[in-house]
Amino acid sequence: MRIAVTGATGLIGSALGRSLEADGHELVRFVRREPAGPGEARWDPARGYVDPAGLAGCGAVVHLAGAGVGDHRWTAAYKREIRDSRVKGTAAVAAAVAAMEEPPGVLVCGTAVGYYGDTGDRMVDEDAPAGEGFLSEVCVDWEAAAAPARAAGVRTAFARTGLVVAAEGGAWGKLFPIFKAGIGGRLGNGRQYWSYISMHDEIAALRHIIDTPSLAGPVNLTAPEPLTNREVTAAMSRVLHRPAVFAVPAPVMRVVLGEFAQDVLGSQRVRPARLLESGFVFRHPGIEESIRAALEA
């Protein structure tokens, strides 16, 4: 199958690309610069431009591009960049897909479990309403921007991803060096739930969405049983054989991270109901095996 991917150089996009190409799929990577070869196509999300030639003949489009939520302190300007990179990018891709004479069979938009806001101890699945806060509002607008593709009859799925357990990037990529140095510990009181997923299962779930015609709308990409930050901290300590006693108090996190701290300290207890109902089988349903898989990758 010919598959177009935005955000193909990111943590998830690059892993997805390797997986697809290893199985013989033809990948078209959308880039903002001048394309370097036939496997790349140009797009400019700020201007709403997507090269239609790059989409031609694609059976699926996977849209993963967006500014990193934890890459910078949340100034007003960076919050605008977080929102615009997702909403404008999704709108551009959805409009381009809707305009095709022969559109792809599926558009998979990567979004986030941030949609649900702080759920506390309450378990939520895809039927739960949007929560409150900046990231929740971004996710609502992000998914709404795909409306042109849905209106054109393209099966559109929103892959609401949790924390991906990976050593080479993302939030976990920052945790591993700290824990290996023996200075890791819980964040705040440690009672907040983390909805995580191994990188292998993240990629397998994205491919499962592509291949499963019944999956449309929101699909949570998280392990079946979320754990508290305290439980995750203990698991990191066990797997890495390092102590984890240096807790970071909530006030310190607020000073260091600013507004983003409320999301790090917030609780998201999310269940992947639609993945499980569709027959998806997790290779790494537990936290320790997810951590080990990341270290072995």
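Give the accessible surface of the range 3-96 per residue, rounded to a whole number of Å², with probe radius 1.4 Å and ligands, DNA and RNA excluded.
Values: 4230 Å² over 94 residues.
Per-residue value: 45 Å².
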- prompt: Is the range 29-161 best put as rounded, prolate or oblate by its Cα gyration tensor, with a ≥ b ≥ c the root eigenvalues, rounded for a/c under 1.5, and otherwise prolate when a/b is larger than b/c, oblate when not?
  reply: oblate
statement: Sparse-neighbourhood loop hits (trypsin sites (Lys or Arg not before Pro), the range 263-295; DSSP loop; Cβ within 10 Å at most 15 others) -> ARG283
- prompt: Cα gyration tensor of the range 56-128, axes a ≥ b ≥ c as square roots of the eigenvalues: rounded (a/c below 1.5), prolate (a/b > b/c) or oblate?
  reply: oblate
- prompt: For the range 1-78, with only Lys/Arg (+1) and Asp/Glu (-1) charged at the beta-carbon, what is the dipole magnitude about the Cα centre, in debye rounded to 20?
  reply: 220 debye
message: Give me the 1.4 Å probe accessible area per residue for the range 107-219, excluding ligands and nucleic acids, in Å².
response: 37 Å²
task: With only Lys, Arg, Asp and Glu charged, each at its Cβ (+1 for the first two, -1 for the last two), find how big the charge dipole of the range 78-154 is about the Cα centre; round to the nearest 20 debye.
output: 320 debye
task: Give me the lysines in straight-line cross-link reach of LYS79: C-alpha distance below 28 Å, same-chain residues under 8 apart excluded.
output: LYS88, LYS174
message: Per DSSP helix of 4 or more residues, -39500 (n - 2.57); summed, then divided by the residues of the chain. What does that give at 222 nm, rounded to the nearest 500?
response: -11500 deg cm²/dmol
- prompt: From the square roots a ≥ b ≥ c of the eigenvalues of the alpha-carbon gyration tensor of the chain, which class results: rounded (a/c under 1.5), prolate (a/b over b/c), or oblate?
  reply: prolate
statement: Quick calc, the chain, dipole around Cα centre from Cβ unit charges on Lys, Arg (+) and Asp, Glu (-), nearest 20 debye, gives 760 debye
- request: Quick one: pull the percent of accessible area on the range 41-184 belonging to carbon and sulfur, 1.4 Å probe, ligands and nucleic acids left out.
  value: 53 percent
Placed amide H near GLN192: partners under 5 Å, 5+ positions off or other chain: ASN229, ARG230
field: Solvent-accessible ranking of MET1, MET236, largest area first, probe 1.4 Å
entry: MET1, MET236
- line: The farthest towards the positive end of the charge dipole of the chain, of the residues ALA216, ILE291, PHE246, given +1 on Cβ of Lys and Arg and -1 on Cβ of Asp and Glu, is PHE246
query: What ³J(HN,Hα) values, in whole Hz, does the Karplus curve 6.51 cos²θ - 1.76 cosθ + 1.60 give for the range 64-74 when θ = phi - 60°, with x put for Gly and Pro?
result: 10, 6, x, 5, x, 5, x, 6, 9, 5, 7
statement: Counting only DSSP beta bridges fully inside the chain, the antiparallel percentage to nearest 5 is 10 percent
query: Hey, if you put +1 on the Cβ of every Lys and Arg and -1 on every Asp and Glu Cβ in the range 149-293, which of GLY279, LEU187, ALA234 ends up farthest toward the positive end of that dipole?
result: LEU187
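The values are calculated or read from the model by the stated rules, or taken from the named source; none is laboratory data. It should be emphasised that the depicted structure is a prediction, and the values quoted were computed from it without experimental measurement. All Cβ positions, even for glycine, are placed from backbone atoms using ideal geometry, and neighbour counts span all protein chains on display. All accessible areas refer to the heavy atoms of the entire protein, side chains included, with ligands and DNA or RNA removed. Shrake-Rupley method; radii C 1.70, N 1.55, O 1.52, S 1.80 Å.
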